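Enquirer: This structure is in structure tokens; I'll ask about it shortly.
Just so it is clear, none of the values below were taken in a lab; they were calculated from the coordinates. These figures come from a predicted structure and were not determined experimentally. In this analysis, Cβ positions are derived from the backbone assuming ideal geometry, glycine residues included, and neighbour counts consider all displayed protein chains.
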Amino acid sequence: MRSEFISMAAPLLENPMVSRLSMCTHHRNKNRLTHVKEVAWFSFLLGKKFSLDTTAIVRGSLLHDLFYYDWLREGPRLHGFRHPDISLKNARKVTELTPVEVDIIKKHMWPLTIIPPRYPESFVVCLVDTYCSARDYLDIK
């Protein structure tokens, strides 16, 4: 399964706009690229378990936090509400997106986004992103 994941992720991870995330701090001593890769991996595993579109899951996960400012110190007010649209705008510069991938990026902060995820793939990424973020702050292994 790891090789399948890597083959899905590699084209995006090789893109300079995505790899640049390694220079952005994110959660508690973690860079944003590490975060999106973790979200992509755990979401991929759940997607496999439930026979979902794992390609959309991996791609949407890798692009869900595609912004370049330190959200704790700069960027737009109400970051949690606004960064999904910023990430989507940046993701569209990187690649063409399917409707499922768009939904993953736009809704990954639900319930802050108010409108719930439309697809099960989006819901999986939303839950895994929340789990990974909480794990980072609570120092859960």
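Enquirer: With the chain treated as a Gaussian network of Cα nodes joined by springs under 10 Å, which of P117, P11, P84 yields the largest mean-square fluctuation?
Expert: Answer for the Gaussian network model of the chain: P11.
Enquirer: Oh, and also: Run through the range 80-133 and list the trypsin sites (Lys or Arg not before Pro) located in a DSSP loop whose Cβ has at most 11 other Cβ atoms within 10 Å.
Expert: Sites meeting the loop and neighbour criteria: none at all.
Enquirer: Using the Karplus curve 6.51 cos²θ - 1.76 cosθ + 1.60 with θ = phi - 60°, what ³J(HN,Hα) values do you get for each residue of the range 84-93, in whole Hz, with x for Gly and Pro?
Expert: Rounded to whole hertz, the list is x, 5, 5, 4, 5, 4, 5, 4, 5, 7.
Enquirer: Residue-wise, which Karplus ³J(HN,Hα) couplings in Hz belong to the range 55-62, taking 6.51 cos²θ - 1.76 cosθ + 1.60, θ = phi - 60°, and x for glycine or proline?
Expert: Calculated HN-Hα couplings, in order: 5, 4, 4, 5, 5, x, 5, 5 Hz.
Enquirer: Given springs between every Cα pair under 10 Å in a Gaussian network model of the chain, which of T54, T34, T98 has the largest fluctuation?
Expert: Among T54, T34, T98, the largest GNM mean-square fluctuation belongs to T98.
Enquirer: Let me ask another. Does the range 2-138 come out rounded, prolate or oblate by the C-alpha gyration tensor, with a ≥ b ≥ c the root eigenvalues, rounded set by a/c under 1.5 and, if not, prolate when a/b is larger than b/c and oblate if not?
Expert: Because its axes are fairly even, with a/c under 1.5, the range 2-138 counts as rounded.
Enquirer: Taking θ = phi - 60°, what integer Hz values does the Karplus form 6.51 cos²θ - 1.76 cosθ + 1.60 yield along the range 98-106, in sequence order, with x for Gly and Pro?
Expert: Couplings: 7, x, 5, 5, 4, 5, 4, 5, 5 Hz.
Enquirer: Order these peptides, 129-138, 39-48, 56-65, by their mean beta-carbon neighbour count within 10 angstrom, highest first.
Expert: So the peptides 129-138, 39-48, 56-65, ranked by packing, come out 56-65, 39-48, 129-138.
Enquirer: For a quick check: with amide H placed at 1.01 Å from N, whose amide H comes under 5 Å from T98's, ignoring anything fewer than 5 positions away on the same chain?
Expert: none
Enquirer: Follow-up. Given contacts defined as C-alpha pairs under 8 Å and at least six residues apart, what's the relative contact order of the chain, whole-number percent?
Expert: 23 percent
Enquirer: Quick one: longest stretch of the chain between exposed loop GluC sites (Glu not before Pro), exposed meaning at most 15 other C-beta atoms within 10 Å and loop per DSSP?
Expert: 15-73
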